[in-house]
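The structure under discussion appears below in the form of structure tokens.
Here, each number is a calculation from the coordinates, and none is a lab measurement. Not measured: the values here are computed from a predicted model. All Cβ positions, even for glycine, are placed from backbone atoms using ideal geometry, and neighbour counts span all protein chains on display.
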Amino acid sequence: MRKWIPAVLIVSSYAFAAFAYSRLPDMVSPRWDALMPWVRSGGADAIPPALAAFGIPTLALAMWLLLRSVASPAGERLGRRVFPTWLVSERTGAGAVARFGPTFDIIVAVVVGGVLLFHAVTLGTVLGWPAWTRQAFTVLVGLGIMVLGNIMPRTRPNWVAGLRTKRTLSDPNMWRNTHRWFGALLMLTGIAVVVTGLLAAPYALLTGLIGALVSAITATAVARKRGAAPP
């Protein structure tokens, strides 16, 4: 049942898009800068209302189908034809994902849910939603990152989710140790995003992006150097 949560979210997002569509202007200029201040918004960036309403839900649908597909035996077979054997093999393919299936379902749900929340709040900037809705969105993003951090140590070597390097995929201990560090650092990143969302919402997504990147690099480096799990 858990694996169908993204489908429910996507259907709900399409329903919201249909509701909002008739309330959108002839050309839509979302306030991207309300969530990403480094992106300039204006009339030159206006897009058709159909794209504004249904584009991101369609992207989320494609992401969900892609993630489910690459985690399947058929996806593994295709991946083994395209990618190097250290990345995709019988050891890291569909069977590996199935070994932590419930955790993978949560990862997919959080990723898809985050994309759809972004869709709702950007449409909200056009529909005149109050500023606190953007704060709520960034806080939810931070909580989602914390959820990912909490479950990262439950993943196993696979070619779909996690920090996939030659070393982590070839050494289960290295995978485990790296993802314990990664999970702990993502928890801290999520807390930072929540705090930033409450104090300076436009910079919360940037905080999350930088934090996730730094967490991945640091976890990989520290696990390689120490070869041991974090305290």
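Over region 1-58, consider all pairs of different Cα atoms and compute the Kirkwood hydrodynamic radius from their mean reciprocal separation; express it in Å, one decimal. Intermediate values should be presented prior to the final figure.
Working: mean 1/r = 0.0784 Å⁻¹.
Value: 12.8 Å, from the Cα pair sum.
Count neighbours as other Cβ atoms within 10 Å of each site's Cβ, and list the trypsin sites (Lys or Arg not before Pro) in region 1-44 that are DSSP loop with at most 13 such neighbours.
Arg23, Arg40
With a cut-off of at most 10 other beta carbons within 10 Å, and DSSP calling the residue loop, which chymotrypsin sites (Phe, Trp or Tyr not before Pro) in region 23-96 qualify? Please list them. Walk me through the intermediate numbers first.
On the way: sites: Trp32, Trp38, Phe54, Trp64, Trp86; in loops: Trp38, Trp86.
Sparse-neighbourhood loop chymotrypsin sites (Phe, Trp or Tyr not before Pro): Trp38.
Go ahead and collect, in residue order, the members of region 76-114 whose backbone nitrogen is under 13 Å from a label point 7 Å along the Cα-Cβ direction of Arg154.
Answer for this model: 99-110.
How far is helix 204-226 tilted off the main Cα axis of the chain, in degrees rounded to 10, range 0 to 90?
10
Volume per residue, Å³, of the convex hull around the alpha-carbon atoms of region 10-135?
It is 148 Å³ per residue.
Using the basic label-point model (7 angstrom from Cα toward the beta carbon), what is the Leu206 to Met1 distance in nanometres?
Here the answer is 4.3 nm between the modelled labels.
For region 121-142, list residues with backbone N below 15 Å from a point placed 7 Å from the Cα of Arg31 toward its Cβ?
121-138
Over the chain, what relative contact order in percent results from Cα pairs under 8 Å that are six or more residues apart? Write out the running numbers ahead of the final one.
On the way: 317 pairs, mean separation 49.4, N = 231.
Answer for the chain is 21 percent.
When only Cα pairs under 8 Å and 6 or more residues apart are kept, what is the percent relative contact order across region 115-186?
Over region 115-186, the number comes to 29 percent.
Starting from the Cα of Phe19, step 7 Å along the direction of its Cβ; do the same at Leu66; then give the gap between the two resulting points in nm.
2.9
Which value in deg cm²/dmol, rounded to the nearest 500, describes the helix-derived mean residue ellipticity at 222 nm for the chain, given -39,500 (n - 2.57) per DSSP H run of n ≥ 4 and division by the residue count?
Working: 9 runs with 158 residues, N = 231.
When only DSSP H runs of four or more count, the value is -23000 deg cm²/dmol.
In terms of the ratio Rg/(2.2 N^0.38 Å) built on C-alpha atoms, what value belongs to region 65-113?
Expressed relative to 2.2 N^0.38 Å, the Cα Rg reads 1.14.
For region 178-231, what relative contact order do you get, as a whole percent, if you take Cα pairs closer than 8 Å and at least 6 residues apart?
This gives 52 percent for region 178-231.
Between Arg77 and Ser12, how many nm apart are label points set 7 Å from Cα along the C-beta direction?
3.6
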